[in-house]
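**Q** Next up is a structure, given as structure tokens.
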Amino acid sequence: MIKGLNFAELLKPHSKALAIGFVAVIGEGVANLLEPWPLKVVLDNVLRSKALPAPPQNFVLTYIGDDKLAILKFAVLAVLAIAVIGAICSYTEKYVTTSVSQWVMHELRRILYSHIQRLSLSYHDHTRTGDLISRVTSDIDAIQSFIASGMLGVFINGLTLVGMVGVMLYLNWRFTLIALSVAPVLFLVVYSYTRRIKKASREVRKKEGEIVSVIQEVLSSIRVVKAFAREEYEQRRLEEESLEGIEIALRARSLKAKLAPIVEIIVAVGTCLVLWFGARMSMGNGLSAGALVVFVLYLGKMYKPMQELSKMTDTYSKASVGFERIREVLNTDGEIRDLPSARRAGSLKGRIEFARVNFQYQEDCPILKNVDLKIEPGQLAALVGRTGAGKSTIISLIPRFYDPASGVVKIDGSDIRSFTQRSLRQHIGFVLQETLLFHGTVWNNIAYGKPEATRAEILRAAELANAKEFIDRLPQGYDTIVGERGVTLSGGQRQRIAIARAIIRDAPILILDEPSTGLDAESEKLVFEALDRLMEGRTSIVIAHRLSTIQRANIIFVIDKGEIIERGTHDQLVQAGGLYAELYELQVQPSLISAA
């Protein structure tokens, strides 16, 4: 979707705000450059009566005069003015960068989340949900932190560094070269450690994603964990992952902790050189006391940007690694795309055809082999076969959750790839084996497939789905909040809400994946009554393991090892004596024995 996304593209919409921030950075840098000069004026022209260098001297003599008290007042006011200018520029820079960082975070999260939703189910089948959550949250937060605290900080430090070196060269170039003698060593150390810290940060981020994945898996399956009394096992599993994370984080922290003291020692060496040579030059009248003070102050300010840049390696490394991980997802080609010529699906009748369709999730592991089938509008078709035969894969190809490796799937004679995905799926209703409801009201869950549904449509859908009776008994009726995944409702109640959700969609094609699994006899009766109403006049495809539920199907396809090996009505297949008859016999025989 956003292949080749780079940092500049994210910042481009905020160029005006960043321009203001950059001006503020320049003002802050100038304030930093001017800060030591009032002290030099006091030391050299008030206390010792030594002339300033030419440009400052001309300014003071022209606008202030040679009165020491006036010069002192000027110096005091200059200190205050410089501080005020620096404070205003600093506030402006921080306000701008904080605002830009928040909007960039929002935009990046929107882009990434949108792209993740459009990736094919094949991608999600092989990717841990927790790792994706980590990329949408922690990795984007790292980028936001860098923009807020580090991005323009680099310009401030760089500008201050360049400006101070220029002023120092103007004052005394030989002395400046002495002060800068440690700079190459300093930059070499910072560069070396930055690369190592970035590598360590990448490992930390990867482990954080794995920890989030473990937590997500356990919390989403908490009922299974409790049912099998595996709390202690899951606790140990998280502790092991967490301990590994601590080891990796400590290794990264060790690198970061070493960098700061090494930089401080190098800076101290540079300061010692300046004090040694500067004091000797001052004693020999080669350098004024004020100039020496300015040099020492500038030296501290010159080394400070270097130290800040070294500290910034952690923020930069986290942001850089986070951006790399986000781009990995954005550059993934696992997306089912609309063709450039795709059109909106009009009114569909529901004729479904598979023509020599082959499919595999992984290479050299075929799931479907030369599947040919045809379902006429309004027919009820059933897919039957052993577990793992490929039934769910077939129904997943119809709404383009996956695309076939070869062959074509057609609806009303048109290749489904000629339709936009959104319009295609709007013509298909789903009642799945695992009924997933969202945390929200019953009302919102029924209307999920058609948010603009009227009250009358929702009430009618609930009634046709045999759900109205139990919904009316809920504490707040249709406004009752159901728990995450609908756990506060029984299986039969969840299934009937799912049927109501499909009814309100009013789609010409209906896909049912084992809709009665796990239901008791009473719930099953209510569900099938609702399904009968739902399937009326629609092309319906049902996956069924309980063959007694599909005896009235217009056509039954028997799937084995990814191939259709039988097709026909229930009576025809029983008489044929093939796999269907065998499966039917296995289910009917126990029923006869229990009845006897």
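Laboratory data are not the source of any read-out in this text; all were calculated from the coordinates shown. Just so you know, these numbers come straight off a predicted model, no measurement behind them. All Cβ positions, even for glycine, are placed from backbone atoms using ideal geometry, and neighbour counts span all protein chains on display.
**Q** Distance from the Cα centre of region 465-481 to that of region 208-258, in angstrom?
**A** 39
**Q** Work out how much length Ala355 to Val185 would gain on full extension: take 0.36 nm times their residue separation and subtract the Cα-Cα distance, in nm to one decimal. Walk me through the numbers before you get to the answer.
**A** On the way: separation 170, 0.36 × 170 = 61.20 nm, distance 6.94 nm.
Length difference between fully extended and current span is 54.3 nm.
**Q** Note the full-extension length gain between Thr127 and Arg230 as 0.36 nm times their separation in residues minus their Cα-Cα distance, in nm to one decimal. Mind showing how you got there, number by number?
**A** Working: separation 103, 0.36 × 103 = 37.08 nm, distance 2.42 nm.
Additional length available on full extension: 34.7 nm.
**Q** What is the calculated FRET efficiency for Leu459 to Ala19, with r their C-beta to C-beta distance and R₀ = 45 Å, to the nearest 0.05? Kindly include the intermediate steps, with their values, before the conclusion.
**A** Working: r = 56 Å, r/R0 = 1.26.
So the FRET efficiency works out to roughly 0.20.
**Q** Still on this structure: Return the subset of Lys12/Lys450; Lys12/Lys199; Lys94/Lys199; Lys94/Lys256; Lys410/Lys561 for which the Cα-Cα distance in this structure is over 32 Å, preserving the input order.
**A** In this structure, Lys12/Lys450 lie more than 32 Å apart at Cα.
**Q** Once you sort the root eigenvalues of the Cα gyration tensor of region 79-221 as a ≥ b ≥ c, which label holds: rounded (a/c under 1.5), prolate (a/b larger than b/c) or oblate (the other case)? It would help to have the intermediate numbers written out before the result.
**A** Values: a/c = 3.82, a/b = 2.04, b/c = 1.88.
Verdict is prolate for region 79-221.
**Q** Something else: Listed here are the pairs Lys258/Lys318; Lys374/Lys525; Lys16/Lys318; which of them are more than 23 Å apart at the Cα?
**A** On the way: Lys258/Lys318 18 Å; Lys374/Lys525 30 Å; Lys16/Lys318 26 Å.
As for pairs spanning more than 23 Å Cα to Cα, those are Lys374/Lys525; Lys16/Lys318.
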